[in-house]
1. Return one number: the angle in degrees, 0 to 90 and rounded to the nearest 10, between the long axis of the Cα atoms of helix 89-102 and the longest principal axis of the Cα atoms of the chain.
2. Given Cβ point charges of +1 (Lys, Arg) and -1 (Asp, Glu) and nothing else, what value in debye, to the nearest 20, does the dipole of the chain about its Cα centre take?
3. Before I look further, what does the chain give for accessible area per residue, probe 1.4 Å, in whole square angstrom?
4. Quick check: the distance between the Cα centres of the range 343-377 and the range 68-86, to the nearest angstrom?
5. Can you bin the range 260-361 into rounded, prolate or oblate? Criterion: square roots of the alpha carbon gyration tensor eigenvalues sorted a ≥ b ≥ c, rounded for a/c under 1.5, prolate for a/b above b/c, oblate for the rest.
6. By the gyration tensor of its Cα atoms, with a ≥ b ≥ c the square roots of the eigenvalues, what is the shape of the range 426-470: rounded for a/c under 1.5, prolate for a/b over b/c, or oblate?
7. List the relative contact order of the range 6-165 as a percent without decimals, with contacts defined as Cα pairs under 8 Å and 6+ residues apart.
8. Where both partners of a DSSP beta bridge lie in the range 6-165, what percent of those bridges are antiparallel, to the nearest 5?
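The values are calculated or read from the model by the stated rules, or taken from the named source; none is laboratory data. Everything numeric in this text was worked out from a predicted model, so none of it was measured. Virtual Cβ from ideal backbone geometry, glycine too; neighbours counted across all protein chains shown. Protein only, heavy atoms only, side chains kept; ligands, DNA and RNA dropped before computing areas. Shrake-Rupley method; radii C 1.70, N 1.55, O 1.52, S 1.80 Å.
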Amino acid sequence: MTDLPKITFAKADPPKKKGVAIVLAGDGGALGPRGRALDDATEGAIRRAIKAAAFKGKRKSTLDLFAPANLSLDRILIVGLGDPEKAAAVDWMELGGTCVTKLTGDVPEAVVLAELPNGSDIPADSLAQFATGAKLAAYRFDKYKTNKKDEDQAPKIGKLVISAANHNPARRAFAALDAVSDGTLLARDLVNEPANNLGPQDFAERARELTRLGVEVQVLDVRAMRRLGMGALLAVAQGAEREPRLVVMRWNGGRTRSRPAAFIGKGVVFDTGGISIKPGANMEDMKGDMAGAATVVGLMHALAKRKAKANVVGVVGLVENMPDGKAYRPGDILTAMSGKTIEVINTDAEGRLVLADALTYVQREIKPAFMVNLATLTGAIIIALGHQHAGLFANDDELADRLLSAGTKTGEKVWRMPLAEEYDKLIDSKFADMKNAGGRAAGAISAAQFLKRFVDETPWAHLDIAGTGMASPQTAINKSWASGFGVRLLDRLVAEHYER
Ligand code: BES
Ligand code: MN
Ligand code: ZN
């Protein structure tokens, strides 16, 4: 990843030499005392600019003054706060992201004069959110660019100083959030990485690095999975040269006897579709078909790094879906670890096969208090919800409501979709207990119904992140193809409902 700016909290003045001062303006372009002092130093240039541009201080709107007279500053960036009373945590995060996004070129130092128009302090938690947004927005995946300069004008920011009287509490609040941002960026790195350099074993090695943070990591190979009878996962993998793996990550930060929360990820390092091969257009995107698994690894990283007081297990099924002489084919009947049989209709409906065995494994071996799986499972969820919400399916209303609420608070939004017997019928098979594809209509729902057939009484939720985990829209806090969607959402779920 790119060199991220070094973010610090201090009581600091605007840069004396080269650099940028960031001034926050409220409704109507109102400035706080330090903004007014800077305006005086420029002999009123800031206020003249606000007037000339009819700048109203609308949230996330910006106004630029380059090379202001009398100062050796390169630039003054004015950023609108809107009504700060009405700014939620996500808004502060997006404000931080907006600041970084607007910067261009070489910025040795940017100082944010963090104050409200009435002169009072911005709450420490809001400043921490602001810093988080700045960090997430600065991320670029440019490790394969040999000429970094031609990068889409990514700014090179040396230091970002958030200047506030309450810099000490803000710094402390940022520490926990920063662990979560690191998890998000790790997930983005994994999703952006091309499949030639990230096969199932490479991915497992990346997960193994979590041991450094105190996570117990166990990697199951083909023999172990055969012994467990994972006939569904192994069928998907059998056309690939690179062997599959199942990785189990345990973070034991909670009470000894409390049952863990479990998070399960689809980790298809590349999805060609297999024998039911995909059309060529945009097939390169299928390097991101392990976004669910990446989010689980990013989440475990976040929880361990911030030493979450909870027991959490992450399980990821890692396979490559390739067409080959050994590949599984339509018509094949597989026996999953649960004992149920599956008729393969379409080898491109592979994610649900991987998850079926991972879900069974988690219920038998981990016996979690609840479980949430994440998967780039269907194109149909993109048709239904676009790239703005992940699809949420659940057998438990309380868990669903908690996820909906965590989504609103973090901005990683989910939208609940139905599960019902009529949809379950879509995957009945003539030859086996079920088939792996239920036709075009309600494609995201029939995929969820398939997973549900592998879930017992455990409270369970399935997040279809095909639209939100990759090919992500450019937002104030993400300029990368991979968003890392779900790390902040699930960290929040754990923090609010599951920590002692
Ligand atoms: N990985 C794809 C789903 C996907 C599509 C993710 C586009 C991200 C962007 C999944 O394995 C798949 O191919 N699903 C099929 C299922 C169908 C064959 C029943 C789909 O959605 O078309
Ligand atoms: Mn597929
Ligand atoms: Zn897939």
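1. Helix 89-102 and the main axis of the chain meet at about 70 degrees.
2. Values: 67 positive and 60 negative charges, 228 e Å.
With only Lys, Arg, Asp and Glu charged at Cβ, the dipole is about 1100 debye.
3. On the way: 20250 Å² over 500 residues.
I get 40 Å² per residue for this part.
4. One Cα centre to the other: 50 Å.
5. Numbers: a/c = 3.84, a/b = 1.59, b/c = 2.41.
Oblate is the answer for the range 260-361, as a/c is 1.5 or above yet b/c matches or exceeds a/b.
6. Working: a/c = 2.91, a/b = 1.24, b/c = 2.35.
Oblate shape, in that a/c is at least 1.5 and b/c is the bigger or equal ratio.
7. On the way: 335 pairs, mean separation 54.5, N = 160.
Relative contact order comes out at 34 percent.
8. 20
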